[in-house]
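A.B. asks: Quick one: the structure is below, questions incoming.
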Amino acid sequence: MDSILSLLPKIYNPVDYDAFSVIQTIFWFIAAAISFYFSFKIARLWTSISVGFFLIFWSQAYMLNPYAHSYNKMAAIHYVIGAIAILVISHGFQEYYIFTRTLEITGRKYLVYLTTIGVIAVASVLITINPKPTLQVLRNYKIMENSIWFFLAMLNIFMVWKIFNELRDSFVAKGVLCFAIVFFFIVLWKGSELYLQIYQWDKDWMDIIDFSGEATDAAKYATRINVAQIINRYSALMSGISVAGAFSYLFKLLR
Amino acid sequence: MFILPKGTPLAENVPTSRIDLPVVLGKFRNSNFNGYAKFGLSAATGVFLYIEGRLISVFFQPEGNNSRQDLDAMQATIENLVLNRDGDFSAYRFSKEIAFALLAMFRGELILNAQEMKLIDFKAVLEKIKAERMNACLKIYTENRAGLIFYRDGAPIGFCHDSAQEIGLSQTEIQKIAVLPGARIDVRVIKDSEDGATLVDLNDLVDISKVWSVAKENVFTTVSAAPAASPATTISAEPAKTDLAGLQSDLSNVAFKYLGKLGRPLLEKELAKIGGFEGILVPEKLEELLAGLENGSKLLTNLAKIRQMQDAMRDEVARYR
């Protein structure tokens, strides 16, 4: 057994596991499983949305693997996958809204899968041919991901509301409205993390200044940092639970 | 041999027992229909020819007897329809040009009658049709085979023959018939002045609803072509239109019931895809419509409700037929 383990890549920076992250990832897994199953069984327009939620799980789960902090390029790729996830989800909701206004359904499921794989491949190539990301660069990737998530999630709440208004008297309307709750938690989750990052009160920044010796004002704002961290932890958990719940409810409605 | 070309089918081999003649003819009238409705009866065929929704000719061809035209033909068809409820009904849509050429076939002036092909200069006949820009129908036939060529303004616009009655653009098969032993030719021509707009609409001459109801009430009484209702009472011709609108309204309500407010526009969109509301009475078109509705409905409700909606729509259409 030891001889096999010695063949595996070296873990440079072990991952700290906390129960919260594990539980959260389990819920994302349930959401991903349902949404992926959903994308096979249901109308084409749900494919983008389902694939997007599956990618969230993928990027979350990656951060739990023992090598997550050891290979910076792979970590960067997964931050980009996280950003692609919300882009694909938003695209899906925009298509849904267009459907409610034009009643047109265009495109093919396989095109959604292929395009998503293609975009991820291009992003991976770009990251691979560039220098190895430092901790600062990785943090920048994270800020980029959180910014995209935060603003698109807010936009999606508006989009879901508009879709709901068009479908208000249809059977599926409440199921669609559930996604407004999902995006509400996502806004809190990503927004609180972005807040901490912008003011350099996030854990990654603290790790960086441990080496650089730079000063921080975190102690001065301990309460608000604490509140933001609590919001971040619970809203992340609630995002996973609400996605799993929304897809389960939608599945029940459309079955 | 009596052959009729087939266009886009609106109905095929529907039992005449299910046909309410005034309703069916009303639909054609209200939809600017170009084409014909054919009643295949036990020993005869009745054909109602429409151009832009106007009934411009009725043709009745009994087996082994001379054909009848227009009001006589309508009367004969109705009598036979009432007496023989085991016939079949078909309707085919054509372009206006072909429908006009069909008129030449039914009641065009016969300028060549059963001429043997080998005794005429066929090339000269074709040149004459072209030079005089005739609207004509050529029938080339033997005892066992027959083919038709339709001309509009001297140019051929369609060919059909007994083994493939769809109108096509190939004359090969008809050339084969023309060289068969004993092949003959009929040429019928419609005068230039008789374009679609100037032809009399037989609907205006006869109150078909009245003739139909009289015929049904007493099948052994010879019906006469009742004159059309006076303007004050033309409301009697309206039920067909009302029924068609009623069906559309019923289907729209079904779509609304199962899909909500998007149900109605979704139904209209799918109806447009199948070529309009008239097509819904053709079983294949109805299924095409329901399949299209299912695709859009998957984003609005569940499969069980979609099935219920489809069944409800089928019931509505069946009730209408």
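A.B. asks: Just to check your reading of the model, which residue among A:Tyr96, A:Tyr62 is touching a helix residue (DSSP H, G or I) at 6+ places or on another chain (Cβ under 8 Å), of a type in the set (Ser, Thr, Tyr) and touching a residue at least 60 places away in the same chain (Cβ under 8 Å)?
C.D. replies: Numbers: A:Tyr62 fails: touching a residue at least 60 places away in the same chain (Cβ under 8 Å).
On inspection, the qualifying residue turns out to be A:Tyr96.
A.B. asks: Assess whether A:Phe99 counts as being at pLDDT 95 or above and either within 14 Å of another protein chain (Cβ to nearest Cβ) or farther than 18 Å from A:Ala83 by Cβ (or both).
C.D. replies: Details: at pLDDT 95 or above: no; either within 14 Å of another protein chain (Cβ to nearest Cβ) or farther than 18 Å from A:Ala83 by Cβ (or both): yes.
Spelling it out, it is not the case that A:Phe99 is at pLDDT 95 or above and either within 14 Å of another protein chain (Cβ to nearest Cβ) or farther than 18 Å from A:Ala83 by Cβ (or both).
A.B. asks: So, in segment B:274-321, how many residues would count as being among the aliphatic types (A, V, I, L, M) and farther than 30 Å from A:Lys252 by Cβ? Walk me through it before giving the result.
C.D. replies: At the first step, the residues of segment B:274-321 found to be among the aliphatic types (A, V, I, L, M) are B:274, B:280-282, B:286, B:289-291, B:293, B:299-300, B:303-304, B:306, B:309, B:312-313, B:317-318.
When the remaining residues are screened for being farther than 30 Å from A:Lys252 by Cβ, the result is B:274, B:280-282, B:286, B:317-318.
The number of residues fulfilling the criteria is 7.
A.B. asks: Of everything in segment B:283-321, what is basic (Lys, Arg), at pLDDT below 85 and surrounded by fewer than 19 Cβ atoms within 10 Å (Cβ to Cβ)? Give them in sequence order.
C.D. replies: If we filter segment B:283-321 for residues that are basic (Lys, Arg), which is where we start, we get B:285, B:298, B:305, B:307, B:314, B:319, B:321.
Among the residues that remain, those that are also at pLDDT below 85 are: B:285, B:298, B:319, B:321.
Those that are basic (Lys, Arg), at pLDDT below 85 and surrounded by fewer than 19 Cβ atoms within 10 Å (Cβ to Cβ): B:Arg319, B:Arg321.
A.B. asks: For segment A:117-132, state whether one or more residues are surrounded by 16 or more Cβ atoms within 10 Å (Cβ to Cβ) and within 14 Å of chain B (Cβ to nearest Cβ).
C.D. replies: Scanning segment A:117-132, I find no residue that is surrounded by 16 or more Cβ atoms within 10 Å (Cβ to Cβ) and within 14 Å of chain B (Cβ to nearest Cβ), so the answer is no.
A.B. asks: If you take the residues of segment A:219-255 that are among the small types (Gly, Ala, Ser) and surrounded by fewer than 16 Cβ atoms within 10 Å (Cβ to Cβ), which of them is farthest from the other protein chains (Cβ to nearest Cβ)? Spell out how you get there, then give the answer.
C.D. replies: Looking only at segment A:219-255, we keep the residues that are among the small types (Gly, Ala, Ser), and these are A:219, A:222, A:228, A:235-236, A:239-240, A:242, A:244-246, A:248.
Now narrow it down to the ones that are surrounded by fewer than 16 Cβ atoms within 10 Å (Cβ to Cβ): A:219, A:222.
Values: A:Ala219: 52, A:Ala222: 48 Å.
The selected residue is A:Ala219.
A.B. asks: Being touching a Gly at 6+ places or on another chain (Cβ under 8 Å) and not aromatic (Phe, Trp, Tyr): is that true of A:Leu167 here?
C.D. replies: yes
A.B. asks: Considering only segment A:131-153, state which residues are in a helix (DSSP H, G or I) and more than 14 Å from the chain's Cα centre (by Cα). Walk me through it before giving the result.
C.D. replies: First, the residues of segment A:131-153 that are in a helix (DSSP H, G or I): A:135-153.
Residues satisfying the conditions are A:Leu135, A:Gln136, A:Val137, A:Leu138, A:Arg139, A:Asn140.
A.B. asks: Could you list, in sequence order, the residues of segment B:75-125 that are polar (S, T, N, Q) and under 16 Å from the mean Cα position of the chain (by Cα)? Steps first, please.
C.D. replies: Of all residues in segment B:75-125, those polar (S, T, N, Q) come to B:75, B:77, B:80, B:84, B:90, B:95, B:113, B:115.
Hits for segment B:75-125 are B:Thr77, B:Ser90, B:Ser95.
A.B. asks: Could you tell me whether segment A:66-85 includes any residue that is more than 19 Å from A:Val160 (Cβ to Cβ), within 14 Å of chain B (Cβ to nearest Cβ) and not hydrophobic (A, V, I, L, M, F, W, C)? Please lay out each step first, then the result.
C.D. replies: Pass one, segment A:66-85, residues more than 19 Å from A:Val160 (Cβ to Cβ): A:66-84.
Retained after the next criterion (residues that are within 14 Å of chain B (Cβ to nearest Cβ)): none.
The answer is no, given that none of the residues of segment A:66-85 is more than 19 Å from A:Val160 (Cβ to Cβ), within 14 Å of chain B (Cβ to nearest Cβ) and not hydrophobic (A, V, I, L, M, F, W, C).
A.B. asks: Ok, one more. For A:Lys174, which of the numbered conditions (1) in contact (Cβ under 8 Å) with a residue 12 or more places away in the chain; (2) buried (at least 18 other Cβ atoms within 10 Å of the Cβ); (3) within 14 Å of another protein chain (Cβ to nearest Cβ) fails to hold?
C.D. replies: Every condition holds for A:Lys174 apart from (2).
A.B. asks: Taking the options A:Ile34, A:Ile49, name whichever one is β-branched (Val, Ile, Thr), buried (at least 20 other Cβ atoms within 10 Å of the Cβ) and away from chain B (no Cβ under 14 Å).
C.D. replies: Numbers: A:Ile49 fails: away from chain B (no Cβ under 14 Å).
Just one listed residue meets the conditions, A:Ile34.
A.B. asks: Further question on the same structure: Filter segment B:83-93 down to residues that are in contact with a helix residue (DSSP H, G or I) (Cβ under 6 Å, 6 or more places away or on another chain) and modelled with pLDDT of 80 or more, then give me how many there are. Outline the logic, then answer.
C.D. replies: If we filter segment B:83-93 for residues that are in contact with a helix residue (DSSP H, G or I) (Cβ under 6 Å, 6 or more places away or on another chain), which is where we start, we get B:85, B:87, B:89.
Next, from what is left, pick out any that are modelled with pLDDT of 80 or more: B:87, B:89.
Result for segment B:83-93: 2.
A.B. asks: Continuing with the same structure: Would you call A:Phe185 more than 17 Å from the chain's Cα centre (by Cα) and away from every other protein chain (no Cβ under 14 Å)?
C.D. replies: no
A.B. asks: Name the one entry in B:Ala155, B:Ala164 that is at pLDDT 75 or above, more than 25 Å from B:Ala73 (Cα to Cα) and small (Gly, Ala, Ser).
C.D. replies: Values: B:Ala164 fails: at pLDDT 75 or above.
Criteria check complete, one pass: B:Ala155.
A.B. asks: Out of B:Ile177, B:Ile185, I need the residue that is more than 20 Å from B:Lys6 (Cβ to Cβ) and either in a strand (DSSP E or B) or not acidic (Asp, Glu) (or both). Which one? Break it down stepwise before answering.
C.D. replies: Numbers: B:Ile177 fails: more than 20 Å from B:Lys6 (Cβ to Cβ).
Only one candidate passes the filter, namely B:Ile185.
A.B. asks: Among the numbered conditions (1) modelled with pLDDT under 90; (2) in a loop (DSSP other than H, G, I, E, B), tell me where A:Gln200 comes up short.
C.D. replies: Answer for A:Gln200: the failing condition is (1).
A.B. asks: Evaluate the following for B:Lys273: is it touching a helix residue (DSSP H, G or I) at 6+ places or on another chain (Cβ under 7 Å), modelled with pLDDT under 85 and within 14 Å of chain A (Cβ to nearest Cβ)?
C.D. replies: Details: touching a helix residue (DSSP H, G or I) at 6+ places or on another chain (Cβ under 7 Å): yes; modelled with pLDDT under 85: yes; within 14 Å of chain A (Cβ to nearest Cβ): yes.
Against the criterion (touching a helix residue (DSSP H, G or I) at 6+ places or on another chain (Cβ under 7 Å), modelled with pLDDT under 85 and within 14 Å of chain A (Cβ to nearest Cβ)), B:Lys273 qualifies.
A.B. asks: Tell me, please, whether a residue that is without any contact (Cβ under 8 Å) to a residue 12 or more places away in the chain and touching a helix residue (DSSP H, G or I) at 6+ places or on another chain (Cβ under 7 Å) can be found in segment B:22-43. Working first, answer last.
C.D. replies: Within segment B:22-43, the first condition is being without any contact (Cβ under 8 Å) to a residue 12 or more places away in the chain, and the residues that meet it are none.
Checked against the condition, which is being without any contact (Cβ under 8 Å) to a residue 12 or more places away in the chain and touching a helix residue (DSSP H, G or I) at 6+ places or on another chain (Cβ under 7 Å), segment B:22-43 yields no hits at all.
The values are calculated or read from the model by the stated rules, or taken from the named source; none is laboratory data. Predicted, not measured: the structure shown is a model, and the values here were computed from it. Reconstructed Cβ throughout: ideal geometry from the backbone, glycine too, with neighbour counts over all protein chains shown.
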